Each structure stands twice: as C-alpha cells, then as structure tokens.
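The values are calculated or read from the model by the stated rules, or taken from the named source; none is laboratory data. Nothing here was measured: the structure is a model prediction, and the numbers come from that model. Because the Cβ atoms are built from the backbone with ideal geometry, glycine has one as well, and the counts that use them run over all protein chains shown. The protein model used for the area step is the full one, side chains on, heavy atoms only, and it has no ligands, DNA or RNA in it. Shrake-Rupley method; radii C 1.70, N 1.55, O 1.52, S 1.80 Å.
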Amino acid sequence: MTRMTRLFAIAAITTIGFSTTVYAQGSLDLRAMGAGMRRNQEMLRTYSWQSRITFDVNGAQRRSDVYKVAYDFNGSLQRTQIGGQTAKGKVRGPDGKKLSKKQVEAGRAFVLDASNQLDAYLNPLFAEKAVATATATVDGEDLRLESHDVVHPGDTVNIILSDATRLPRSLHATATIDGSPMQLEVTFGVLDYGPYHPARSVTTTSWNGIPLTITTENSDYSD
C-alpha cells in the first residue's frame with residue numbers, strides 16, 4: 001500500500017467510522033463506527049512489528065521474550081522469537097511457599113493461552129461487534145462505549161475514545177474463560193500515515209490461586 005493510498009484509507013476510516021458531525025447532530029452512528037474499527041484492524045494486518053512479552057508471577061517478573069510479529073495469508077498471527085531472558089531465583093506464591101519450575105511453566109502456559117484468547121477482542125469482526133452493539137456515554141473529553149457478550153458469554157468490553165477525534169485511547173475487557181476470571185487492558189497508539197494499534201496490553205488472571213500477568217509492548221511497526 002502506497003503512502004497516498006494509506007492516507008486516503010485512513011481519511012475514510014476517520015470520516016466514516018468516527019465522524020464527529022454525526023454525533024454533534026445527536027445521533028451517534030455506532031454501526032458506521034464499528035465498520036471503521038473493523039477496517040482499521042484489517043489494515044493493521046498488513047504490518048509487521050516487534051513485541052516484548054513479559055511474564056510476572058505474584059508480582060515478580062520471571063521472563064521477558066522478544067518476538068517479530070506478523071499475520072500470515074490466512075489471517076493468523078505468527079510470532080518468531082528473536083530474544084529473551086529468564087529471571088533466576090526462587091518464585092513464591094501468595095502463601096510464601098516456593099513454586100517449582102513445573103508450576104511456573106504451567107502457569108505461564110495458562111496465562112499465555114488466556115492472552116491469546118483475549119486477543120480475539122482485537123479481531124476485526126469482534127472489534128466491530130464491540131462498537132456496533134455498545135451503549136455510548138460521554139465523560140468529559142472521553143466517549144465511552146460499553147458492550148456485553150462480545151466474544152464470551154457474560155463478558156464486558158469498555159472502549160474509551162477521544163470525543164473530539166473518535167480515535168480509541170484504551171480498551172478494557174473482562175471475561176471468564178474455563179472458569180477463571182480474566183482481564184485485558186489495552187492502550188492504543190497511532191502510526192504516522194497508518195492505523196491505530198495496540199501499543200501495550202496487559203492480561204491478568206490467576207492459576208491455582210497464584211496471580212499471573214502477561215504484558216505485551218509493541219513497537220517498530222513497518223508495512
């Protein structure tokens with residue numbers, strides 16, 4: 001995609017998907033906004049980027065891995081590890097007991113699976129559904145969109161956008177997956193002459209009573 005084509009595409013998304021004119025007239029077109037969200041996420045799939053994924057157990061960092069990330073032709077996210085570090089020392093649970101290496105790795109596998117499932121909230125179709133079915137409220141300079149049952153039964157998704165530009169600032173999702181409560185916090189950034197993107201996401205959950213966190217920081221986007 002050329003720079004000029006990308007500029008026209010971004011202009012279309014902003015105008016159609018996040019039009020302040022429609023809202024000023026008193027009718028917020030959530031379907032159009034949802035379609036704009038979907039188009040943005042589809043455009044993002046033409047990019048590659050670098051992700052640093054940090055794994056915390058009970059508040060202590062245990063691993064930090066760096067990946068090169070891109071979507072394949074089937075729309076599946078592919079990660080290639082290019083670096084990483086594992087912390088040394090004992091890992092203890094909330095009760096103070098030492099956790100075995102096997103327990104730590106099992107917990108990491110559990111929260112990585114949870115994080116991958118919560119990535120569905122950034123899927124183009126689910127992102128569109130979250131906006132199109134939302135209830136909208138204004139809080140100062142923020143436009144808040146709240147929706148339910150988007151990906152998992154009983155889930156709640158809150159998307160915070162700038163009321164002036166209609167660009168998303170953050171997303172907060174709560175869901176129960178396989179009986180365990182999960183939370184996802186996403187902070188968005190905007191690429192020069194490109195789409196907005198998840199700059200940072202934090203997934204929190206617990207496994208066997210042990211608090212677990214996966215933090216993903218994305219950078220170095222290129223198309």
Fill in the blank from the handout: Cβ pairs under 8 Å, 6+ apart or interchain, first in the range 80-93 and among the aliphatic types (A, V, I, L, M), second part of a strand (DSSP E or B) and open to solvent by 90 Å² or more (accessible area, probe 1.4 Å), ordered by first then second residue, are ALA87/GLN61; VAL91/LYS98
Handout entry: In the range 55-103, residue surrounded by the most Cβ atoms within 10 Å (Cβ to Cβ) [restricted to those that are among the hydrophobic types (A, V, I, L, M, F, W, C) and in a loop (DSSP other than H, G, I, E, B)]
Key = LEU99
Practice task
Scan the range 185-194 and give yes if some residue there is in contact with a helix residue (DSSP H, G or I) (Cβ under 8 Å, 6 or more places away or on another chain), within 24 Å of ARG63 (Cβ to Cβ) and among the β-branched types (Val, Ile, Thr), otherwise no.
Solution key: yes
Handout entry: Entirely in the range 148-223, the strands (runs of 3 or more DSSP E) that have 1 or more residues that are touching a Lys or Arg at 6+ places or on another chain (Cβ under 9 Å) and open to solvent by less than 40 Å² (accessible area, probe 1.4 Å)
Key = 156-162, 180-190, 210-222
Fill in the blank from the handout: Across (1) closer than 19 Å to GLY36 by Cβ; (2) touching a residue at least 60 places away in the same chain (Cβ under 8 Å); (3) in contact with a Phe, Trp or Tyr (Cβ under 9 Å, 6 or more places away or on another chain), ASP220 clears everything bar (1)
Practice task
Could you tell me whether ASP113 is open to solvent by 70 Å² or more (accessible area, probe 1.4 Å) and either farther than 21 Å from THR165 by Cα or of a type outside the set (A, V, I, L, M, F, W, C) (or both)?
Solution key: yes
Handout entry: Residue satisfying condition, being aliphatic (A, V, I, L, M), over 30 Å from ILE210 (Cβ atoms) and part of a helix (DSSP H, G or I), within set VAL111, VAL131
Key = VAL131
Handout entry: Residues located in the range 142-193, provided they are closer than 15 Å to ALA132 by Cβ and modelled with pLDDT under 90
Key = ARG166
Practice task
Go through the range 106-137 residue by residue and tally those that are aliphatic (A, V, I, L, M), over 12 Å from the mean Cα position of the chain (by Cα) and within 14 Å of ILE159 (Cα to Cα).
Solution key: 5
Practice task
Residue by residue through the range 132-147, note down the ones that are touching a strand residue (DSSP E or B) at 6+ places or on another chain (Cβ under 9 Å), open to solvent by 40 Å² or more (accessible area, probe 1.4 Å) and without any contact (Cβ under 8 Å) to a residue 40 or more places away in the chain.
Solution key: THR135, THR137, VAL138, ASP139, GLU141, ARG144, GLU146
